[in-house]
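The next block holds one structure in the form of structure tokens; read it before the comments.
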Amino acid sequence: MTWKRPENVAFPQVWLTFEAKDPDTGKIVKYHVQDLPEDRFDEVLNLMSTIFLRDETMCRSLDILNDPDLKGRSGKSIWDDILKQKFSLVCFKEGSDEICGVNVLEVLEKDVKGNEMEIKSSKIQALMKAMEFMKAQADTYNRYGVDKFLHAMGLLVVPKYRGLGLSTEILKARVPLGRALGLKLTGTVFTGIASQNTAAKAGFVEDYSVLYEDMGKKEPFVEFPNISTPYCKFMSLRLD
């Protein structure tokens with residue numbers, strides 16, 4: 001059974017406020033990171049199944065966006081059930097309802113299998129195999145002595161808002177969210193140099209790293225062609 005958001009943790013609510021440049025005016029304005037409202041789920045699914053699949057390091061390497069097996073809603077189903085768990089975060093600029101960034105989050109539990117879905121795409125199968133390998137090597141539960149942790153299945157900053165430091169703040173918002181949920185740890189596979197540097201700025205530490213070229217030569221035997229980032233990393237942040 002999937003771990004549920006406690007009823008005493010109000011939904012939705014704001015978890016973090018910060019200041020950054022407005023890409024339209026160049027002025028410093030306020031932003032906030034909050035729970036992703038249910039009426040914005042479809043919009044986020046569209047962003048993830050287009051922009052994220054186009055730009056994310058592993059997805060871009062495997063050209064998943066153009067995979068014919070991911071036409072229609074099949075691509076969106078990767079995140080659909082996760083959003084319904086109501087742990088995901090979204091960033092807004094003050095006075096605007098335009099989505100600036102999103103972090104699709106779930107709670108993973110030791111010895112509990114998540115919702116299994118049939119994946120027809122061989123590219124998605126390869127991607128998930130690599131992700132599972134990274135989580136297994138990081139050995140998060142035993143390393144930190146926890147039975148559950150806050151995990152991500154995608155961090156996206158909309159192109160217009162990139163370069164403003166929003167991704168770091170979105171990652172920082174996991175701390176108050178995780179604490180409110182009663183969690184002691186958050187951990188994620190960070191696949192690109194930019195996201196790895198962002199995670200380090202937010203306080204994440206490296207638990208396991210592997211060269212992409214080695215991933216194709218030995219376990220998990222998944223090749224990532226034309227990839228510019230040398231390492232794939234699993235990084236964690238204590239919340240207590």
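The values are calculated or read from the model by the stated rules, or taken from the named source; none is laboratory data. Predicted model only: the values in this text are computed from it and were never measured. Cβ sites come from the backbone with ideal geometry, for glycine too, and all protein chains shown count toward neighbours. For the accessible areas, the whole protein counts, side chains as well, though only heavy atoms, and no ligand, DNA or RNA atoms are used. Shrake-Rupley method; radii C 1.70, N 1.55, O 1.52, S 1.80 Å.
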Checklist entry - So is Leu150 surrounded by 22 or more Cβ atoms within 10 Å (Cβ to Cβ), closer than 18 Å to Val102 by Cα, touching a residue at least 40 places away in the same chain (Cβ under 8 Å) and touching an Asp or Glu at 6+ places or on another chain (Cβ under 9 Å) or not? => result yes
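Quick check on Glu223: is it open to solvent by 30 Å² or more (accessible area, probe 1.4 Å), under 19 Å from the mean Cα position of the chain (by Cα) and at pLDDT 95 or above?
Details: open to solvent by 30 Å² or more (accessible area, probe 1.4 Å): yes; under 19 Å from the mean Cα position of the chain (by Cα): no; at pLDDT 95 or above: yes.
For Glu223, the condition - open to solvent by 30 Å² or more (accessible area, probe 1.4 Å), under 19 Å from the mean Cα position of the chain (by Cα) and at pLDDT 95 or above - is not met.
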Next on the checklist: I'd like the residue in segment 1-52 that is part of a helix (DSSP H, G or I) and of a type in the set (Phe, Trp, Tyr) and, out of all such residues, is nearest to Asp80 (Cα to Cα).
Outcome noted: Phe41
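Identify the residue in segment 184-197 that is touching a strand residue (DSSP E or B) at 6+ places or on another chain (Cβ under 8 Å) and in a helix (DSSP H, G or I) and, among all such residues, is least open to solvent (accessible area, probe 1.4 Å). Give the steps one after another, and end with the answer.
We begin by selecting, within segment 184-197, every residue touching a strand residue (DSSP E or B) at 6+ places or on another chain (Cβ under 8 Å); these are 184-191, 195-196.
Now restrict to residues that are in a helix (DSSP H, G or I): 195-196.
On the way: Ser195: 34, Gln196: 15 Å².
Ranking the candidates gives Gln196 first.
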Checklist entry - Restricting the search to segment 167-183, which residues are open to solvent by 10 Å² or more (accessible area, probe 1.4 Å) and in a helix (DSSP H, G or I)? => result Ser167, Thr168, Glu169, Lys172, Val175, Pro176, Arg179, Ala180
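Do we find that Gly178 is in contact (Cβ under 8 Å) with a residue 40 or more places away in the chain and closer than 20 Å to Val90 by Cβ in this structure?
On the way: in contact (Cβ under 8 Å) with a residue 40 or more places away in the chain: yes; closer than 20 Å to Val90 by Cβ: yes.
Here the answer is yes, as Gly178 does meet what is asked.
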Checklist outcome for this item: When (1) free of Cβ contacts under 8 Å to residues at least 24 places away in the same chain; (2) in contact with a strand residue (DSSP E or B) (Cβ under 8 Å, 6 or more places away or on another chain) are applied to Pro68, the one that fails is (2)
Item to check | Inter-residue pairs, beta-carbon under 6 Å, first without any contact (Cβ under 8 Å) to a residue 60 or more places away in the chain and in segment 195-208, second basic (Lys, Arg) and in a helix (DSSP H, G or I), 6+ apart | outcome: Ala202/Lys172
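Give segment 121-147 a look and list any residue that's over 28 Å from Glu213 (Cα atoms) and either assigned to a strand (DSSP E or B) or in contact (Cβ under 8 Å) with a residue 12 or more places away in the chain (or both), or say none.
Applying the first criterion (over 28 Å from Glu213 (Cα atoms)) to segment 121-147 yields 144-147.
Passing the criteria: Tyr144, Val146, Asp147.
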Item to check | Residue that is most open to solvent (accessible area, probe 1.4 Å), among those in segment 1-45 that are under 25 Å from Lys129 (Cα atoms) and more than 15 Å from the chain's Cα centre (by Cα) | outcome: Met1
Checklist entry - What number goes with the only condition from (1) assigned to a loop (DSSP other than H, G, I, E, B); (2) open to solvent by 20 Å² or more (accessible area, probe 1.4 Å) that Phe87 does not pass? => result (2)
